[in-house]
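Structure first, commentary second.
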Amino acid sequence: MKRLLHIALKDLMTWLRDPAALGVMLGMPVILILILGSAMGGLGGGEAGGGGIKVAIVDQDEPVADPARQELALGREITTMLVDNDELSSLFAIEISEDADEVRASVERGDLAAALIVPSGFSRSVNEGQPVELEVLRDPGADLSAGIWEGVVRSVAVELSRVSVIAQTAGRVAGEQGLPPEAVGAIVGKAVEQAAASEERAVRVEVRQAEREGEPFGPLDYYSLSMTAMFLLFGSMFGAFSLITERREQTMSRLLTTPTPRASFIGGKMLGIFLLGALQFGVLYAYTSGMMRVDWGGDPIATLSIGIAELAATAGLAVLIASIARTERGAGGLGPLVIQVMALLGGAFFPLTILPDWLQPVRYISVVGWALDGFQAVQTRGAGLVDVIPNIAALAGFAVVFFGIGVWRLKDAR
Amino acid sequence: MSGIVEVNGLTKLFGDLVAVDHVEFSIAQGEIFGLLGPNGAGKTTTISMISGLLEPTGGDVLVDGHSVRTEPRAVKRKLGVVPQEVALYPTLTARENLQFWGRMYGLRGKELSSAVDEALELAGLADRARERIEKYSGGMKRRINIAAGILHHPKVLLMDEPTVGIDPQSRNHILEQVKGLRGSGMTVLYTSHYMEEVEFLCDRVAIVDHGKVIAMGTLEELRKLVGDADIVRIGVDETLAEESLVAVRAVPGVIQAERADSVLEALAADGGGALAGIISALNAAGEKVHSAEVVEPNLESVFLHLTGKSLRD
Ligand SMILES: Nc1ncnc2c1ncn2[C@@H]1O[C@H](COP(=O)(O)OP(=O)(O)O)[C@@H](O)[C@H]1O
Ligand SMILES: [Mg+2]
């Protein structure tokens with residue numbers, strides 16, 4: 001056991017003296033967080049460019065029959081108004097849903113950037129001149145697009161307020177005067193005038209942010225998590241280098257002539273990669289939360305557990321890369337390739353919510369995807385340790401599979 | 001037989017190649033035992049099997065009574081190994097390297113730090129102990145390479161060609177250091193293809209070629225194998241014709257003759273007497289003679305006598 005620890009510490013010391021290793025493990029993620037965090041301004045989680053921002057409308061309103069006029073179905077009108085608007089449809093992909101609970105859950109998960117819920121009895125309340133509320137849900141991770149949606153809904157509410165005031169005024173005046181319908185036109189004109197002047201809004205918009213208080217999340221928050229999830233995996237490349245060098249320079253053979261068991265050697269190499277990654281994780285966490293004011297969420301234990309599980313996968317990947325690449329050059333090519341593909345599929349460079357639904361699950365073939373998903377759940381959705389157990393389990397599964405295949409291949413090659 | 005190292009019928013096949021072929025020897029406690037043979041003779045393969053790195057195809061090795069096949073860890077606890085290639089961590093300092101290897105051999109705490117100090121002193125590198133060894137010369141690296149296998153005072157030290165490719169000063173330092181181990185109780189198995197080293201260091205020697213032990217004994221015993229014969233060493237052109245070699249072998253008194261690069265070596269009962277005949281035979285064959293000397297019987301002449309080959313190639 002002591003030998004295992006000393007092998008790990010020896011590796012750690014070697015890496016801490018290697019400017020290239022430190023640059024890749026610490027310098028690159030910090031720089032990329034800064035670049036992506038500012039260049040991708042406004043692109044938070046759950047967002048996308050034209051036509052892609054996912055929002056939903058739930059219309060729970062029941063039409064009321066107004067004897068004075070036709071049927072009043074404001075929920076349906078609002079829906080039509082939003083869906084038929086060309087400008088809106090260029091920006092949003094609007095989904096019409098019946099299930100308010102499901103929509104709330106989707107916003108909380110970040111699958112939807114925002115949603116509008118027209119409550120039951122909305123038309124009746126408007127018709128009776130009662131104050132009413134429209135409910136807007138926002139994903140805190142999708143700051144910009146949710147903001148746009150909220151603005152749109154507010155302007156709809158203003159329109160509605162006017163209509164509401166007009167309708168009330170017109171009805172009242174007509175009833176009092178017993179006037180013929182021709183006169184209503186004049187009355188409406190007057191009412192519109194009054195409505196325009198009215199400070200009071202008959203329809204209020206209530207905005208709810210999913211599960212979260214305080215500052216909304218921005219790109220810096222997103223990329224701090226995603227680059228950490230990506231670069232924790234780079235330990236596998238340096239681990240593979242180290243395994244290959246020990247084999248080529250015959251320090252591994254020499255070690256195996258001492259009373260050190262083979263398992264202690266492998267274990268020591270794994271622990272070394274793990275310690276390097278733990279140090280890296282600590283530095284990135286401290287730097288992003290301390291210097292960049294990034295909020296990692298309310299459950300550091302959950303975040304730490306995800307990081308530890310990812311580092312186990314990193315250590316396993318080192319053995320796998322070493323078993324395939326066989327030379328330092330090979331590992332230097334293969335390692336970054338594997339890591340970048342995983343980062344891309346895992347959403348490290350851009351949020352996967354811009355992909356079509358059927359492609360969303362690609363994140364689950366990526367170590368980075370599982371780690372980032374877990375980090376984000378803690379950050380934006382208030383997830384705790386129990387909620388991220390699937391992520392931890394999946395990462396541990398990757399660790400076992402990578403390590404198993406790697407060791408089997410190395411044994412086979414002897 | 002009750003040597004501290006017992007090698008019995010040790011055999012290793014690499015595919016069809018018989019790298020080590022039923023090798024047998026026994027080393028007594030405290031002895032410096034030489035394994036002398038040209039490149040490819042199977043020295044490293046033998047050492048690798050003794051140290052548990054390679055599985056023997058056949059035979060076994062007992063170290064202090066423990067079988068390397070069934071109790072490899074018990075064997076490894078008795079050993080110190082100095083590999084043929086320098087196997088150290090270049091970005092660690094000499095001291096850090098020695099500390100690491102000391103720990104791998106099970107040293108801890110005060111015992112470790114005094115062992116490291118002693119090893120650095122012995123290697124003559126105490127004053128440069130804080131330098132990373134990537135900055136060291138080849139000879140200095142070799143000295144640390146040896147120190148790393150020796151610092152824990154193993155019962156049995158295996159040294160595989162520890163002086164290959166270094167400057168004469170470092171080489172002498174190493175040879176003196178190994179010779180200094182005599183009397184310390186440490187048993188040494190020393191492999192080399194330099195017969196001078198083996199003659200200088202070893203109590204007993206096994207001469208190996210093509211995986212087989214072809215002669216074994218004390219220096220005395222081995223020299224007797226060639227009787228009083230001397231080696232006549234002639235500097236010639238590398239283009240020396242085969243017929244000229246045949247002509248030299250036909251000179252009266254010449255037992256054996258072989259060329260390696262630009263040196264022709266002939267084994268002759270009376271070197272001085274045969275010298276003139278050899279030179280005139282070469283002249284008659286139209287070969288140039290650049291130099292000539294007569295060398296007393298040594299392991300080189302034994303090897304030439306037994307194999308018809310020179311050790312140096
Ligand atoms: N791992 C190996 N695979 C195949 N052949 C090997 C291997 N190691 C050594 N050999 C061969 O075995 C023979 C003995 O090699 P070695 O023990 O290194 O000789 P020496 O150390 O005396 O120079 C050589 O012919 C060498 O090419
Ligand atoms: Mg060798």
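The values are calculated or read from the model by the stated rules, or taken from the named source; none is laboratory data. None of these values were measured; they are calculated from a predicted model. As a convention, Cβ positions derive from the backbone with ideal geometry for all residues, glycine included, and neighbour counts pool all protein chains shown. Calculation scope for accessible area: heavy atoms of the full protein, side chains included, ligands and nucleic acids excluded. Shrake-Rupley method; radii C 1.70, N 1.55, O 1.52, S 1.80 Å.
At-a-glance table
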{"read-out": "Interface burial for A against B (accessible surface, 1.4 Å probe, total of both chains, Å², rounded to 100)", "value": "2300 Å²"}
{"read-out": "Tensor-based shape of chain B (alpha-carbon gyration tensor, a/c under 1.5 rounded, otherwise prolate or oblate)", "value": "prolate"}
{"read-out": "Over 23 Å between alpha carbons, listed pairs B:LYS110/B:LYS179; A:LYS269/B:LYS12; A:LYS10/B:LYS135; A:LYS2/B:LYS76; A:LYS269/B:LYS76", "value": "B:LYS110/B:LYS179; A:LYS269/B:LYS12"}
{"read-out": "Value of relative contact order over region B:5-217, rounded to a whole percent, pairs C-alpha under 8 Å and six or more apart", "value": "32 percent"}
{"read-out": "DSSP-loop trypsin sites (Lys or Arg not before Pro) across region A:215-316, with at most 11 other Cβ within 10 angstrom", "value": "A:ARG293"}
{"read-out": "Local electrostatic count at A:ILE266 - Lys and Arg +1, Asp and Glu -1, tallied over other residues with Cβ under 13 Å", "value": "+3"}
{"read-out": "Environment charge of B:GLU197, counting only residues whose C-beta is closer than 10 Å and scoring Lys/Arg +1, Asp/Glu -1", "value": "-2"}
{"read-out": "Inter-label distance for B:LYS135 and B:GLU296, nm, one decimal - labels placed 7 Å from Cα along Cα-to-Cβ", "value": "4.6 nm"}
{"read-out": "Whole-number accessible area per residue in Å² for the protein assembly as shown, which is evaluated in the context of all protein chains at 1.4 Å", "value": "43 Å²"}
{"read-out": "Protein-protein interface of region A:1-30, residues with accessible area decrease of at least 20 Å², isolated chain reference, 1.4 Å probe", "value": "A:LYS2, A:ARG3, A:HIS6, A:LYS10, A:MET13, A:THR14, A:ARG17"}
{"read-out": "Among B:ASP203, B:ASP237, B:ASP60, residue whose mean-square fluctuation peaks in a GNM of chain B (springs only between Cα atoms under 10 Å)", "value": "B:ASP237"}
{"read-out": "Number of partner chain Cβ atoms within 10 Å, mean per residue of B:53-62", "value": "1"}
{"read-out": "1.4 Å probe, heavy atoms, protein only - residues of region A:241-276 losing at least 30 Å² accessible area vs chain alone", "value": "A:GLU249, A:GLN250, A:THR251, A:ARG254, A:LEU255, A:LEU256, A:THR257, A:THR258, A:PRO259"}
{"read-out": "Probe 1.4 Å - accessible area at B:MET195, Å² to nearest ten", "value": "20 Å²"}
{"read-out": "Within chain B, longest stretch free of exposed trypsin sites (Lys or Arg not before Pro) [DSSP loop, at most 11 other beta carbons within 10 Å]", "value": "B:131-287"}
{"read-out": "Computed lengthening from A:ILE389 to A:MET13, 0.36 nm per intervening residue step minus Cα-Cα distance", "value": "132.1 nm"}
{"read-out": "Global form of the protein assembly as shown, assessed from the alpha-carbon gyration tensor, a/c cut-off 1.5", "value": "prolate"}
{"read-out": "Selected from B:ASN172, B:ASN145, B:ASN298 as most flexible by GNM, with chain B as the system and alpha-carbon contacts under 10 Å", "value": "B:ASN172"}
{"read-out": "Simple spin-label estimate for B:ALA276 and A:LEU5 in nanometres, 7 Å along Cα-Cβ", "value": "7.9 nm"}
{"read-out": "Projected label distance in nm at B:LEU17 and A:ARG262, using a 7 Å step from Cα toward the beta-carbon", "value": "2.2 nm"}
{"read-out": "Largest to smallest accessible area among A:TRP370, A:TRP408 [probe 1.4 Å]", "value": "A:TRP408, A:TRP370"}
{"read-out": "Förster-model FRET efficiency, 51 Å R0, B:GLU196 and A:ARG293, C-beta, rounded to 0.05", "value": "0.10"}
